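Student: Below you'll find the structure I mean.
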Amino acid sequence: MARRQRRHRPAAGPPVPPHRPRRPDPGPVRGAAGAAPGRVLAAAAISRFASTCDGLLRGYLDEPGFEAIVERDLRDGQHRNPTGRPEWFTTAYFHLPDELAREVAEAGLRLQALLAIEGPAWMLPDIQQRLADPPRRERVLRAIRRVETEPSLLGASSHLLAIAGR
């Protein structure tokens with residue numbers, strides 16, 4: 001599935017790409033410093049472990065070159081895809097869960113929740129079928145809710161969500 005790139009406009013400042021190639025200051029929470037009291041900020045980020053999980057699931061780790069991409073992701077969060085293969089994603093910065101929490105604090109906000117958006121369920125090969133069947137979908141959602149805030153499992157989700165406020 002092709003990703004459509006959009007430019008996001010933060011509360012202040014110029015447009016920024018949705019996935020930055022280096023850790024920005026203050027990252028996904030950019031522009032939040034001017035947020036009004038009582039407002040809620042939701043900031044999403046890609047997990048540092050997304051390529052590892054995706055590589056295991058889709059067999060990319062067996063292909064030449066992918067292991068080097070994963071090693072860099074894990075080392076410094078810099079995801080680079082010199083192959084041009086779209087299924088190996090694009091240039092982006094991948095976060096550790098504690099980095100996203102720290103960026104919220106650096107923006108002067110109080111972290112209310114740090115969540116795994118998909119949880120480990122995104123790696124199920126039949127996730128679409130499970131979600132299409134209401135009883136199975138409810139079981140998957142219950143399982144995700146059980147682990148979505150567990151710090152030791154946050155990296156198993158390909159995306160993270162920080163909820164913060166003043």
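Student: Distance in nm between label sites at HIS159 and ARG58, each 7 Å beyond Cα in the beta-carbon direction?
Tutor: Label-label distance for HIS159 and ARG58, simple model: 1.5 nm.
Student: Based on other C-beta atoms within 10 Å, arrange HIS79, HIS159 from fewest to most.
Tutor: With the fewest neighbours first, HIS79, HIS159 line up as HIS159, HIS79.
Student: Further, regarding this structure: With a 10 Å Cβ neighbour count serving as the proxy for reagent exposure, in which order, fewest first, do VAL104, VAL40 appear?
Tutor: Least to most surrounded, the residues fall as VAL40, VAL104.
Student: Suppose each label sits 7 Å from its Cα in the direction of the beta carbon; what would the ALA42-ARG139 distance come out to in nanometres?
Tutor: Here the answer is 2.8 nm between the modelled labels.
Student: Next question, about the same structure. Could you compute the FRET efficiency for ARG146 and GLU87, with r as their C-beta to C-beta distance and R0 at 35 Å, rounded to 0.05?
Tutor: That gives a FRET efficiency of 0.70.
Student: Could you give the dipole magnitude of the range 36-165 about its Cα centre, charging the beta-carbon of Lys and Arg +1 and that of Asp and Glu -1, in debye to the nearest 20?
Tutor: 480
Student: Under a Cβ-Cβ cut-off of 9 Å, what is the net charge of the residues other than SER158 that fall near it, where Lys and Arg count +1 and Asp and Glu count -1?
Tutor: -2
Any read-out appearing in this document is the output of simple, stated calculations on the displayed coordinates, not a laboratory observation. These numbers were taken from a predicted model, which means no experiment stands behind them. Reconstructed Cβ throughout: ideal geometry from the backbone, glycine too, with neighbour counts over all protein chains shown.
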